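Everything on this sheet refers to the single structure shown next.
Coordinate-derived values only; no laboratory data. Please read all numbers here as calculations on a predicted model, not as lab measurements. Glycine also receives a Cβ, built like all others from the backbone with ideal geometry; neighbour counts cover every protein chain displayed.
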Amino acid sequence: MSEIYGNRGIEIAGGAGAVAWDSTGKRYIDFMCGHGAALFGHAHPALVTALNEASGRPWTVGAGMRSPQREKFIEQLRDLVPDARVYLSNSGAESIEAALKLAVALRPGRKRILALRRAFHGRTLGALSLTFNPQYRKYWKDLLPEVTHISPENAAEEVDENTVAVFIEPVQGEGGVYPLSEETLKDIRNACNAKDVLIVADEIQSGWGRCGKVLASRVLGLEPDITCFAKGVAGGLPIGVTLWSRDLGDFPVKGHGSTYGGNPLVCSVASKAYDLLKSEKYPEKAARDGEAFRSAIKNMASPLVTEVRGVGLLTGIGLTVKANLVVNGLEEKGILSLNAGPMVLRFLPPFTALDEHYDQVLVSLKEILEGLEK
Ligand SMILES: Cc1ncc(COP(=O)(O)O)c(C=O)c1O
């Protein structure tokens, strides 16, 4: 294994719901969830059943052949965008690559691609060109397509007739958990409508119910042209979804493709996950739990906390100390969390986290912040 990820020194051996345990038997409340991919928690019984059933059928079918499991899942996605076209891939970055290629193909002759400061869209070359952090880009900058990064507030005025698309995370995740304002999004939408420019919503971290609706954009009043999902869509199995309305058009023939994208195994689990969003009302629960969690953190009134931000189950806490100090302290107390930049602590709890898990995280967080004050 490459050493790019560092090593937290934990070997995860098992998990159920919002709890994971390591190979020594130590238990953790998992509010990191594999960078948000275990959105339904670990080993959700309904997803395990769906996976078991799917494992006895073909795992993969050749491109150009139909699969009932894939068709069912695509039909479900049409609840979100009627008569949608869908391109299925295997990761967030791939869903963004697809959206970038699609947008360029749909707006031939235009050259300008806009993304936002603090944006994170992935690390393959196309996605990396849209990602803001210069540290992530520096070794490959000669290979990257040109993208202009602008502040969200200036985005509307930067949109012109030469612009292909604006890429937006409705709630910026890796960049520090910054929800965009409804007003800013409305201005961008109006500017894009006036110039026939596409809006691509990267909902890889914020979407699929985490922020209170299946489409996070809609929580903030935005109707994007193209939407990208990944992470929790199939409960943590690899998948990327690129979704757009049929009347926009399509890729040019042979313009894109993937061997594994849309495989029946993953589509079966994604389809069950979508059922759960509806039957268990997980997005609504996410909105309630996230709001209560953030309000309890604000009530701690810690002098080390500069701001508590977020929507639904995506929470960021601005700190006056390095976030990793808190991440490490929580880990010692049996809680998994992560950072979002050097000074922001991030929590990505699963839908299935219980009140007792939130309570334990709040108690431990308070103890750690008080300890760091001294
Ligand atoms: C908003 C956003 N876009 C894109 C990606 C890239 O997804 P992946 O790591 O699956 O390629 C991520 C991953 O964290 C993300 O949070």
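Just list whichever of Lys111/Lys138; Lys278/Lys298; Lys101/Lys281; Lys213/Lys322; Lys285/Lys366; Lys195/Lys254 have alpha carbons separated by over 26 Å in the model shown.
Exceeds cut-off: Lys278/Lys298; Lys101/Lys281; Lys213/Lys322; Lys195/Lys254.
What is the gain in length, in nm to one decimal, between Asp359 and Lys374 on full extension, counting 0.36 nm per residue of separation less the C-alpha to C-alpha distance?
Values: separation 15, 0.36 × 15 = 5.40 nm, distance 2.34 nm.
So the chain would gain 3.1 nm between Asp359 and Lys374.
Using a basic spin-label model with each label point 7 Å from the Cα along Cα→Cβ, how many nm lie between Ile4 and Leu125?
Distance between label points: 1.5 nm.
If the label point is 7 Å along Cα→Cβ of Glu153, which residues in region 307-321 have backbone nitrogen under 19 Å from it?
307-310
Hand me the chymotrypsin sites (Phe, Trp or Tyr not before Pro) from region 119-194 located in a DSSP loop with no more than 16 other Cβ atoms within 10 Å, in residue order please. Walk me through the numbers before you get to the answer.
Numbers: sites: Phe120, Phe132, Tyr136, Tyr139, Trp140, Phe167; in loops: Phe120, Phe132.
Counting only loop positions with at most 16 other Cβ atoms within 10 Å, none of the chymotrypsin sites (Phe, Trp or Tyr not before Pro) in region 119-194 qualifies.
Along region 358-365, what does the Karplus equation 6.51 cos²θ - 1.76 cosθ + 1.60 (θ = phi - 60°) give for ³J(HN,Hα), rounded to whole Hz, x for Gly and Pro?
4, 4, 5, 5, 5, 4, 5, 4
Mind checking the full-extension length gain between Asn299 and Asp22? Use 0.36 nm per residue of separation minus the Cα-Cα distance, one decimal, nm. Display every interim value, and only then the final one.
Values: separation 277, 0.36 × 277 = 99.72 nm, distance 3.23 nm.
Difference between extended and current length: 96.5 nm.
Which order do Met65, Met343 fall in if you start with the one that has the fewest other Cβ atoms within 10 Å? Mind showing how you got there, number by number?
Values: Met65 8, Met343 17.
Ranked by crowding around the Cβ, least crowded first: Met65, Met343.
Restricting to DSSP H runs of at least four residues, report the calculated mean residue ellipticity at 222 nm for the chain, -39500 (n - 2.57) per run over all residues, nearest 500 deg cm²/dmol.
Values: 13 runs with 139 residues, N = 374.
My calculation for the chain gives -11000 deg cm²/dmol from helical runs alone.
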